[in-house]
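A.B. asks: The following block contains the structure, expressed as structure tokens.
The values are calculated or read from the model by the stated rules, or taken from the named source; none is laboratory data. Since the structure is predicted, the reported quantities are computational estimates derived from the model, not experimental observations. Please note: Cβ atoms are built from the backbone with ideal geometry, for glycine as well, and neighbour counts cover all protein chains shown. Surface accessibility is based on the protein's heavy atoms, side chains included, excluding ligands, DNA and RNA. Shrake-Rupley method; radii C 1.70, N 1.55, O 1.52, S 1.80 Å.
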Amino acid sequence: MGIPYYRKNLYVMWVATFLVSASWTQVMPFLPVFLAEMGVEEGLNTWSGIVLSAHFVTGIFMLPVWGKLGDKYGRKPMAVRAGFCLSAIYFLTSLSTAPWHVAVLRLLNGALTGFIPMSTALIGTNTPPPYAARYVASVQTSSAAGTIIGPVLGGTLAALFGVRGAMVASATLVFLSTVLTALLVTEKRKPEPAAPTTLLADLRTALNMPVMWVAMFISMVGQGATMGVQPVMVLHIESMLGKAASPMLSGFILALPGLALFLSATRWVGLLDRYPLQQVALIAFLGAGLGYVISGVVRIIWLWVPLFFLASIFAAAFRPLGAAVVSTDVPPDFRGRGFALQTSATTAGGLFGPLLAGIVADYLGRGAVFIVLGLILLASLLVVSRHMAHAKAGQGVQHRHQPRSV
């Protein structure tokens, strides 16, 4: 007797998600270096912010569209479509000769892709309920593992073959992942048709749910802070390393946020079994905010690395907390739309973070980016605290999570 189809799906999607996630982090951190190799000198930080944010400009609007199409036609077709589009975009990016070429392709990236969200949704909807949460958590772990190996692999390939060669490798990884998905994944449980709704109506509904509001807010701000350091990270590290700088060494340091997510994601979610969401979120905002501010001040690399890793441990809480809240605390009839809105909120953070970072770096220096983002995280701590207190007093809402298996 063969293994159940949903278990085979997990094995295949674990590998595919790992490879796609690795390809993403293999390319993203080195885009500023790619622009510098093109000869961009004036406004390099701003251009870096633009190309890193461009993906999120279109993604904000298109991810909910692909989500609705996934609800109508199935998640597997949408995952396969996204994978082939992403592979082609990576390859075309490797042929770019001007910064605007990269920016346009990044816009297409946000408009046409979405492999990992669709893969997660496919696993969640095609796994029996007793195993669904654990299988989804496993796929998220594979994504986190990919973010660890991606920068290391990207730095190694960039050192050996240049950034263009690393992009071709990313295109190949995504293509192979998509072929595996198309040939080996089975989607037996098609989504049931739901009453049509507009994005604006869904947004109004979500904003009236205190827990959904916080899930969207922490996802947006957390992604903004995490992505905000990307335009300056490599160049900031190289400025501290001096003559010892190399793409390979930068790649190892860039893997720290992914390692932090891999090591701590399930632990952050586990805290929700014992403490209310707002308390766990406040701890994450406080630790990440202080860590970013201190990282912006420190200029000694051997001291900066552990400080940034510690800040990344706290920042790693935002993504799994947002997903866990939507998957367990949002009413079932709104859960699919809730995931789409939470993804859009995350995408919005990925848009504004790099843009803000590029402007701050050009006017105040790269170290100031960490300080500004840290202050935003600390201010967000007050916003979350005030909102949840208002919800408790005005609506009588005080949600506590019930124990669950992750």
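A.B. asks: Answer yes or no: is there a residue in the stretch 319-326 that is modelled with pLDDT of 90 or more and out of contact with any strand residue (DSSP E or B) (no Cβ under 9 Å at 6 or more places or on another chain). First the steps, then the outcome.
C.D. replies: Within the stretch 319-326, the subset modelled with pLDDT of 90 or more is none.
So far as the stretch 319-326 goes, no, none of its residues is modelled with pLDDT of 90 or more and out of contact with any strand residue (DSSP E or B) (no Cβ under 9 Å at 6 or more places or on another chain).
A.B. asks: Are any residues in the stretch 1-60 over 19 Å from His101 (Cβ atoms) and among the β-branched types (Val, Ile, Thr), and if so, which ones?
C.D. replies: Once the filter is applied, which keeps residues that are over 19 Å from His101 (Cβ atoms) and among the β-branched types (Val, Ile, Thr), the stretch 1-60 yields Ile3, Val12, Val15, Thr17, Val20, Thr25, Ile60.
A.B. asks: Determine whether Ala361 is at pLDDT 85 or above, of a type in the set (Gly, Ala, Ser), surrounded by 20 or more Cβ atoms within 10 Å (Cβ to Cβ) and more than 24 Å from Pro64 (Cβ to Cβ). It would help to see each step written out before you state the result.
C.D. replies: Details: at pLDDT 85 or above: yes; of a type in the set (Gly, Ala, Ser): yes; surrounded by 20 or more Cβ atoms within 10 Å (Cβ to Cβ): yes; more than 24 Å from Pro64 (Cβ to Cβ): yes.
Spelling it out, Ala361 is indeed at pLDDT 85 or above, of a type in the set (Gly, Ala, Ser), surrounded by 20 or more Cβ atoms within 10 Å (Cβ to Cβ) and more than 24 Å from Pro64 (Cβ to Cβ).
A.B. asks: Say we look at the stretch 35-90 and pick out the residues that are touching a helix residue (DSSP H, G or I) at 6+ places or on another chain (Cβ under 9 Å) and of a type in the set (D, E, K, R); which of these is farthest from Asp202 (Cα to Cα)?
C.D. replies: Glu37
A.B. asks: Separate question: Can you name the residue in the stretch 35-76 that is over 30 Å from Glu187 (Cα atoms) and acidic (Asp, Glu) and is also least open to solvent (accessible area, probe 1.4 Å) among such residues? Give the derivation first.
C.D. replies: In the first step, residues of the stretch 35-76 are kept if they are over 30 Å from Glu187 (Cα atoms); the result is 35-54, 57.
Okay, now just the ones that are also acidic (Asp, Glu), so 37, 41-42.
Numbers: Glu37: 115, Glu41: 158, Glu42: 169 Å².
Residue satisfying both the conditions and the ranking: Glu37.
A.B. asks: In addition: Could you check the stretch 106-129 and list, in sequence order, the residues that are open to solvent by less than 50 Å² (accessible area, probe 1.4 Å), over 16 Å from Gln342 (Cα atoms) and either free of Cβ contacts under 8 Å to residues at least 40 places away in the same chain or outside any helix (DSSP H, G or I) (or both)?
C.D. replies: Correct list: Thr113, Asn126, Thr127, Pro128.
A.B. asks: Condition first: open to solvent by less than 30 Å² (accessible area, probe 1.4 Å), closer than 19 Å to Thr58 by Cβ and part of a helix (DSSP H, G or I). Now tell me which residues in the stretch 77-100 satisfy that.
C.D. replies: Result: Met78, Ala79, Ala82, Gly83, Leu86, Ser87, Ile89, Tyr90, Thr93, Pro99.
A.B. asks: Taking Ala103 and the conditions (1) outside any helix (DSSP H, G or I); (2) closer than 16 Å to Pro231 by Cα, which numbered condition does it fall short on, given that it satisfies the others?
C.D. replies: The single condition Ala103 does not satisfy is (1).
A.B. asks: Report, ordered by the first and then the second residue, all pairs with beta carbons closer than 7 Å, sequence separation of six or more or different chains, a first member in the stretch 30-49 that is within 23 Å of Gly150 (Cα to Cα), and a second member that is of a type in the set (D, E, K, R).
C.D. replies: If the second residue must be of a type in the set (D, E, K, R), the pairs left are Asn45/Asp362.
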